[in-house]
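The values are calculated or read from the model by the stated rules, or taken from the named source; none is laboratory data. Quick caveat, the model's predicted, so the values are computed rather than measured. So basically every Cβ, Gly included, is an ideal-geometry build from the backbone, and we count neighbours across all protein chains shown. These accessible areas exclude ligands, DNA and RNA; they are computed on the full protein's heavy atoms, side chains included. Shrake-Rupley method; radii C 1.70, N 1.55, O 1.52, S 1.80 Å.
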Amino acid sequence: QVRLVESGGGLVQAGGSLSLSCVASGFTFSVYLMGWFRQAPGKEREFVAYIGSGGITYYADDVKGRFTISRDNAKNTAYLQMNSLKPDDTAIYYCGRWASGSSSLPASYEFWGQGTQVTVSS
C-alpha cells in the first residue's frame, strides 16, 4: 500500500535551517508530483511547495527564496530544505502524493504522511 513517512522536524531558532525528508513506498514514486504542505494550530493545511515528476518546482510566496524542494527518485524520497526559518514557519509539515486538480490545494492530494513537527523559536 501507499506509504509516506516524513522526518527531520525539530526545534530551531529563528534564522536557522532544517531539512525534511519524505520517504515513499508502495507506488512508482518517479512518476508522481509530490507536494509539501503545513498546518499550524487552528489553521487550515496550506501549500508550501511541489515538485513534478520532471523536476519542475513551485513555491508559496512566503517561502520562495528560503525553502528548496527536491527529489531523489532512486531513493523514493522528496526533500524540503528550509533556511532562514521564521516563527511563522512553525507547523506540522506533511508530504503528499498528488492525484488531480490544482497542485497547490490539499484536496488535490490523495495520500499523506503522518507529518513532522517544525518549531521555530524567536
Contacts under 7 angstrom Cβ, first residue in region 24-50 being without any contact (Cβ under 8 Å) to a residue 60 or more places away in the chain and farther than 22 Å from ASP61 by Cβ, partner of a type outside the set (A, V, I, L, M) and not in a loop (DSSP other than H, G, I, E, B), 6 or more apart: SER25/ARG3; GLY26/ARG3; PHE29/ASN73; SER30/ASN73
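Is it true that SER102 is in contact (Cβ under 8 Å) with a residue 24 or more places away in the chain, of a type outside the set (D, E, K, R) and outside any strand (DSSP E or B)? Walk me through it before giving the result.
Values: in contact (Cβ under 8 Å) with a residue 24 or more places away in the chain: no; of a type outside the set (D, E, K, R): yes; outside any strand (DSSP E or B): yes.
No, not satisfied.
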Looking only at region 90-120, how many residues end up being over 20 Å from PHE29 (Cβ atoms), buried (at least 17 other Cβ atoms within 10 Å of the Cβ) and either at pLDDT below 95 or touching a helix residue (DSSP H, G or I) at 6+ places or on another chain (Cβ under 7 Å) (or both)? 2
Exactly one of TYR79, TYR58 is more than 18 Å from LEU4 (Cβ to Cβ), part of a strand (DSSP E or B) and aromatic (Phe, Trp, Tyr), and that one is TYR58
Would you mind telling me which numbered condition in (1) closer than 14 Å to ILE51 by Cα; (2) among the hydroxyl-bearing types (Ser, Thr, Tyr); (3) under 12 Å from the mean Cα position of the chain (by Cα) SER103 fails? (3)
Residue that is nearest to the chain's Cα centre (by Cα), among those in region 70-89 that are more than 16 Å from TYR32 (Cα to Cα) and open to solvent by 40 Å² or more (accessible area, probe 1.4 Å): GLN81
Residue tally, condition in contact with a strand residue (DSSP E or B) (Cβ under 6 Å, 6 or more places away or on another chain), surrounded by 15 or more Cβ atoms within 10 Å (Cβ to Cβ), of a type in the set (S, T, N, Q) and over 15 Å from TRP112 (Cα atoms), over region 29-69: 1
What do you reckon, is VAL48 outside any loop (DSSP other than H, G, I, E, B) and among the β-branched types (Val, Ile, Thr)? yes
Out of everything in region 1-28 that is of a type in the set (S, T, N, Q) and either part of a loop (DSSP other than H, G, I, E, B) or in contact with a Leu (Cβ under 6 Å, 6 or more places away or on another chain) (or both), what residue ends up being most open to solvent (accessible area, probe 1.4 Å)? GLN1
